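Single-structure report; data block below.
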Amino acid sequence: MDPLLSSLILVIFLFALLLSGIWVAIALLSVGILGLSLFTSVSVGSIMATTSWGTSASWTLTALPLFIWMGEILFRTRLSQDLFRGLSPWLAYLPGRLVHVNIVGSAVFAAVSGSSAATAATIGKMSLPELRSRGYNESLSVGSLGGSATLGFLIPPSIIFIVYGISAEVSIARLFIAGVIPGALLVTLFMGYIIIRALMNPSDVPEEESRHLPFIEKVKLSGNLIPVMLLILGVLGSLYNGFATPTEAAALGVVGALLLSLLSGSLTWKTFVDSLMGATKTSCMIGFILVGAAFLTVMMGFTRIPLMLAEWIDTLNLSYYGLIFVLTLFFIMLGFFLDGISIVVLTTSVILPMVQQAGIDLLWFGVYVVIVVEMSQITPPVGFNLFVLQGLTGHNIFYLARAALPFFLLLLTAIVLIVVYPEIVTWLPEQATIRK
């Protein structure tokens, strides 16, 4: 059969399965089985067995469940609530006032969770009731939370960096370090937008009594931030200085989270078990998707789809910026139907050959992909952050998508900036001492 026709059949079958609501991993495995059965003569069972083992038997992958568990511990204990109490007295001075708690709180929690959805749920449970009761504009409140929670993908330790690093065979520690400055850039863009909007629409942001608290009282409230900040410094500092591998840093993060929650008195047997089960379920889901994507990748290798796509892109004679533009549109379109992790594992084998052929640094490309994939978290119909916000607020998906639209555009602005100035991504990893 003509390779183009076979590719079209497989793509249609994949989208049909995804639109049916079936699990992403099952959809990937099903397309892989169909492709190998129809277009090759290899043994499907043996290929599936070897691929599943080869994908899951990776020591590097052990960092994934550990970072997820660390985030689950913080999500279920009092440490996450301490963020709001510690940040609000200082941020009340800025135009936009406590809306900035969504931005800064998401950035801080992202640095200890690695999950966008967990960041949205945790910060949302703290901030949205407070902002609503104080009379803040609802669209601004939920939009800022939806957009800033995407930082969970970019600010290390990031689950999606681990997935990309394994798929692309790029150092996970270097990816973590590379995400720091772009993460700070996005925080600056988000806060800048909030400030401008608050100045243009003062009625959206009420006056805050916490602005007038005595300095000593503000310092006392800031003490709530110390445990979480120490945990962040411990995890990222061990990576940046080369004292620990990503897996060792993740283990350090889990021990630190357990210790801090125990000392704060919020660790109970129930929260411990719930955090462990939550981490297990999430890790299994991601691992299942990784196996399905790896199997699909092997099928694509047999059917020569990645090679043909790379050759087709090559015939277009696109410039560097032209290729980035086409890939950005491609990832945004995928974001309408797939979650971020699925996008990365599904496209890596197809995209990386042409990226390497174009001379694009895979470390830089990993950060670029993560920022583009962050957009998928706030685009309907499959925007995970929108689902979380819907559960927290009761608003429909399209209301939430409109509220998050400015932050979608700011993510796009960040992509333009790192394309024009790639040093935003590459400078810090070049300064760091990294252990594999």
- of a type in the set (A, V, I, L, M), surrounded by 15 or more Cβ atoms within 10 Å (Cβ to Cβ) and more than 26 Å from S148 (Cα to Cα) - does that describe any residue in the range 219-234? no
- Search the range 225-242 for residues that are closer than 21 Å to L428 by Cβ and modelled with pLDDT under 75 and pair each with any residue that is of a type in the set (G, A, S) and open to solvent by less than 10 Å² (accessible area, probe 1.4 Å) when their beta-carbon atoms are under 8 Å apart and the residues are at least 6 apart or on different chains. L236/A111; L236/A249; L239/A173; L239/A249
- Which residues, counting only those in the range 227-282, are of a type in the set (F, W, Y) and either farther than 16 Å from T77 by Cα or not in a helix (DSSP H, G or I) (or both)? Y240, F243
- Query: Restricting attention to the range 251-258, does a residue exist that is open to solvent by 50 Å² or more (accessible area, probe 1.4 Å) and at pLDDT below 90?
  - Reply: yes
- Message: Yes or no: the range 126-144 includes at least one residue that is under 10 Å from the mean Cα position of the chain (by Cα) and among the polar types (S, T, N, Q).
- Response: no
- Can you tell me which residues in the range 176-209 are of a type in the set (A, V, I, L, M, F, W, C), under 13 Å from L98 (Cα atoms) and part of a helix (DSSP H, G or I)? M191, I194, I195, A198
- Item | Given (1) among the polar types (S, T, N, Q); (2) open to solvent by less than 60 Å² (accessible area, probe 1.4 Å); (3) closer than 26 Å to S238 by Cα, index of the condition Q431 fails | (2)
- Matching residues, the range 21-39, being assigned to a loop (DSSP other than H, G, I, E, B) and closer than 13 Å to V291 by Cβ: W23
- Message: What pairs come out if I take residues in the range 420-431 that are within 20 Å of Y320 (Cα to Cα) and pair them with residues that are β-branched (V, I, T) and open to solvent by less than 40 Å² (accessible area, probe 1.4 Å) whose C-beta lies under 8 Å away, six or more apart or interchain?
- Response: I424/I418; V425/V367; V425/I418
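I'd like to know if the range 360-376 contains one or more residues that are polar (S, T, N, Q), on the phi < 0 side of the Ramachandran plot, touching a helix residue (DSSP H, G or I) at 6+ places or on another chain (Cβ under 7 Å) and modelled with pLDDT of 80 or more.
The first filter runs over the range 360-376 and keeps only residues polar (S, T, N, Q), leaving 376.
So of that shortlist, the ones also on the phi < 0 side of the Ramachandran plot come out as 376.
Now restrict to residues that are touching a helix residue (DSSP H, G or I) at 6+ places or on another chain (Cβ under 7 Å): 376.
If we keep only those that are modelled with pLDDT of 80 or more too, we end up with 376.
Checking the range 360-376: at least one residue is polar (S, T, N, Q), on the phi < 0 side of the Ramachandran plot, touching a helix residue (DSSP H, G or I) at 6+ places or on another chain (Cβ under 7 Å) and modelled with pLDDT of 80 or more.
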- Members of the range 394-408 found to be touching a Phe, Trp or Tyr at 6+ places or on another chain (Cβ under 9 Å) and open to solvent by 30 Å² or more (accessible area, probe 1.4 Å), listed by number: P406
- (1) farther than 30 Å from I33 by Cα; (2) surrounded by 14 or more Cβ atoms within 10 Å (Cβ to Cβ); (3) modelled with pLDDT under 85: which one isn't true of N317, the others all being true? (2)
- Message: Yes or no: the range 113-132 includes at least one residue that is touching a Gly at 6+ places or on another chain (Cβ under 9 Å), within 19 Å of G256 (Cα to Cα) and open to solvent by 10 Å² or more (accessible area, probe 1.4 Å).
- Response: yes
- Would you point out the residue of the range 379-393, among those that are open to solvent by 40 Å² or more (accessible area, probe 1.4 Å) and not hydrophobic (A, V, I, L, M, F, W, C), that is farthest from V142 (Cα to Cα)? P381
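Specify which of the listed residues (L352, L363, L411, L334) is in a helix (DSSP H, G or I) and closer than 25 Å to A198 by Cα.
Details: L352 fails: closer than 25 Å to A198 by Cα; L363 fails: closer than 25 Å to A198 by Cα; L334 fails: closer than 25 Å to A198 by Cα.
Among L352, L363, L411, L334, only L411 is in a helix (DSSP H, G or I) and closer than 25 Å to A198 by Cα.
The values are calculated or read from the model by the stated rules, or taken from the named source; none is laboratory data. Here the structure is a predicted model, which is why all the values come from computation and not from measurement. Don't worry about glycine lacking a Cβ; one is built from the backbone with ideal geometry, like all the others, and counts go over all protein chains shown. Surface accessibility is based on the protein's heavy atoms, side chains included, excluding ligands, DNA and RNA. Shrake-Rupley method; radii C 1.70, N 1.55, O 1.52, S 1.80 Å.
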